[in-house]
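Shown next, in structure tokens, is the structure this report addresses.
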Amino acid sequence: MLISPLMGPIMGIGLALGINDILLLRKALNNYVIATVVALVTSTVFFLISPLDDAHSEILARTSPSIYDVLIALFGGFAGIVATSSKLKGNVIPGVAIATALMPPLCTAGYGLATLKFNFFFGAFYLFIINTVFIALATFIISRLLHFPYKRLYNERSEKMAKVVVWLVVLLTLIPSIYLGYDLVQKERFTKSANNFVAYEAKFPNDYLLNKKIDAKAKLISLVFGGKEIDSASINALRNRLPAYNLADATLEIKQGFAYMADAAAEKNGNEGDKISIALEQQAGYNKKLQASLDSIAAINETGKQLYAELKAQYPNIQSAVIEPATVYADSASSRTTFLVSLAMSRPPGNAERARMLAWLKVRLKNPALRLVIE
């Protein structure tokens, strides 16, 4: 971020457009493309080989650019070109590189490519384009205002066309950021109003708020309460308070802990009459699953005892055995269940004997993926 290889080429593009220097423009564009590709490829490779793939706040912050990022890039570009054109540069150039943060959006775009999260890639790359266009625009404007040595093009039509292209690119970059900035403000307002509504209005006697979820995009406020069941009149009264917090178009969803679970199950089964019966049926299902697990454990223990006796009869030098189900994990997302047989033997078997033992165990336990460990 501090030693950014992109500041020079971007300002070079703006300066070349400002003074009509075609040779400088080609050189700046060439350096810009090389630096961009190298940074993007490097970040993509890093995230491909890195075990860390969670999107932290630093990554998420660069996936939703807005008009505010345009202003940062524009004024940062003004500071950069003014400092470059003066004798006292000081720390302005490093400051501009930090403020506009040219490298982090590219790194985030690389993360999006590596993890196939293309919404991250396009959001971060759009932020990078915003920084590029408006730093270059600031350089273009200042170079014209300060009357840098200007090269007249032989073809006036080409000169006018170049100006049209510059401002067209600026507009195409600016318009989406205005919409995204407006959308961001609306979401922040909704979230703030919803939090105030929950803090001051969502209170019921003998009930407590277990969880809240505010979705500004869907304009949804979802609340989960624990305690006594809240009657429909109280819920309707709470909904009627939404307009007072500028939330008239919001949807309020109330969930009531175990009472909500019983209601949902009753609605699913087409029976809203007997919530207690449904709860008892759910509990019976849990008990059945638990009993099945206990039976499975008992069966495994019995199988282990029988298998040890059979192994001992064939191989008297076995001292102890561990026989248990195991889950095999690999680099892929899938996993599989197998048996692990670990034997402690006074004399290790030869390769042929070990192979026979493994083949017998696979047939005996009907598990071709069985693992055999001999100590």
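Listed conditions (1) among the basic types (Lys, Arg); (2) at pLDDT 90 or above; (3) in the same structural domain as residue 38 (by TED's automatic domain parsing) are all met by residue 117, apart from (2).
When you check residue 163 against the structure, is it assigned to a helix (DSSP H, G or I) and not assigned by TED's automatic domain parsing to the domain that holds residue 79, yes or no? I'd like the intermediate steps shown before the answer.
Working: assigned to a helix (DSSP H, G or I): yes; not assigned by TED's automatic domain parsing to the domain that holds residue 79: yes.
Judged against the criteria, residue 163 is a match.
Criterion first (under 30 Å from residue 72 (Cα atoms) and at pLDDT 85 or above) does residue 218 satisfy it?
Working: under 30 Å from residue 72 (Cα atoms): yes; at pLDDT 85 or above: yes.
Here the answer is yes, as residue 218 does meet what is asked.
Looking at residue 36, is it touching a residue at least 60 places away in the same chain (Cβ under 8 Å), under 24 Å from residue 142 (Cβ atoms), assigned to a helix (DSSP H, G or I) and of a type in the set (S, T, N, Q)? Break it down stepwise before answering.
On the way: touching a residue at least 60 places away in the same chain (Cβ under 8 Å): yes; under 24 Å from residue 142 (Cβ atoms): yes; assigned to a helix (DSSP H, G or I): yes; of a type in the set (S, T, N, Q): yes.
Here the answer is yes, as residue 36 does meet what is asked.
With respect to the conditions (1) surrounded by fewer than 14 Cβ atoms within 10 Å (Cβ to Cβ); (2) modelled with pLDDT under 85, residue 230 lacks only one, and its number is (1). Across segment 337-375, what is the number of residues that are farther than 13 Å from residue 321 by Cα, in a loop (DSSP other than H, G, I, E, B) and either under 48 Å from the mean Cα position of the chain (by Cα) or at pLDDT below 80 (or both)? Residues flagged as farther than 13 Å from residue 321 by Cα, in a loop (DSSP other than H, G, I, E, B) and either under 48 Å from the mean Cα position of the chain (by Cα) or at pLDDT below 80 (or both) within segment 337-375 amount to 5. In the set 18, 12, 8, only one residue is modelled with pLDDT under 85, of a type outside the set (A, V, I, L, M), more than 18 Å from residue 126 (Cβ to Cβ) and assigned to a helix (DSSP H, G or I); that residue is 8. All conditions but one from (1) more than 30 Å from residue 77 (Cβ to Cβ); (2) at pLDDT 85 or above; (3) of a type outside the set (Asp, Glu) apply to residue 172; the one that does not is (1).
Taking the condition closer than 30 Å to residue 13 by Cα and among the small types (Gly, Ala, Ser), does residue 143 pass? I'd like the intermediate steps shown before the answer.
Numbers: closer than 30 Å to residue 13 by Cα: yes; among the small types (Gly, Ala, Ser): yes.
Taking the combined requirement at face value, the residue satisfies it.
Counting only residues that are assigned to a loop (DSSP other than H, G, I, E, B) and touching a residue at least 24 places away in the same chain (Cβ under 8 Å), which one in segment 303-332 is surrounded by the fewest Cβ atoms within 10 Å (Cβ to Cβ)? Reasoning before the result, please.
Filtering segment 303-332 for residues assigned to a loop (DSSP other than H, G, I, E, B) gives 315-317, 330-332.
When the remaining residues are screened for being touching a residue at least 24 places away in the same chain (Cβ under 8 Å), the result is 315, 317.
Numbers: 315: 14, 317: 12.
Per the criteria, the residue is 317.
Of all residues in segment 7-44, those satisfying the criterion of being within 18 Å of residue 113 (Cβ to Cβ) and surrounded by 21 or more Cβ atoms within 10 Å (Cβ to Cβ) are 39, 43. Suppose we keep only residues that are surrounded by 11 or more Cβ atoms within 10 Å (Cβ to Cβ) and polar (S, T, N, Q) within segment 123-181. Which one would you say is farthest from residue 36 (Cα to Cα)? By that ranking, first place goes to 158.
Annotation: of all residues in segment 198-214 being in contact with a Lys or Arg (Cβ under 7 Å, 6 or more places away or on another chain) and closer than 11 Å to residue 245 by Cα, the one that is surrounded by the fewest Cβ atoms within 10 Å (Cβ to Cβ) is 201.
The residues in segment 336-352 that are out of contact with any helix residue (DSSP H, G or I) (no Cβ under 8 Å at 6 or more places or on another chain) and surrounded by 14 or more Cβ atoms within 10 Å (Cβ to Cβ) can be counted, and the count is 4.
Pull up segment 107-134, narrow it to residues that are closer than 24 Å to residue 167 by Cα and of a type outside the set (Phe, Trp, Tyr), then point me to the one that is farthest from the chain's Cα centre (by Cα). Steps first, please.
Restricting attention to segment 107-134, the residues satisfying the condition of being closer than 24 Å to residue 167 by Cα are 122-134.
Those still in the list that are of a type outside the set (Phe, Trp, Tyr) too: 123-124, 127, 129-133.
On the way: 123: 12, 124: 13, 127: 17, 129: 21, 130: 22, 131: 23, 132: 25, 133: 27 Å.
Restricting to residues being closer than 24 Å to residue 167 by Cα and of a type outside the set (Phe, Trp, Tyr), the top hit is 133.
The values are calculated or read from the model by the stated rules, or taken from the named source; none is laboratory data. Nothing here was measured: the structure is a model prediction, and the numbers come from that model. Ideal geometry is used to build each Cβ from the backbone, glycine not excepted, and the neighbour counts take in all protein chains shown.
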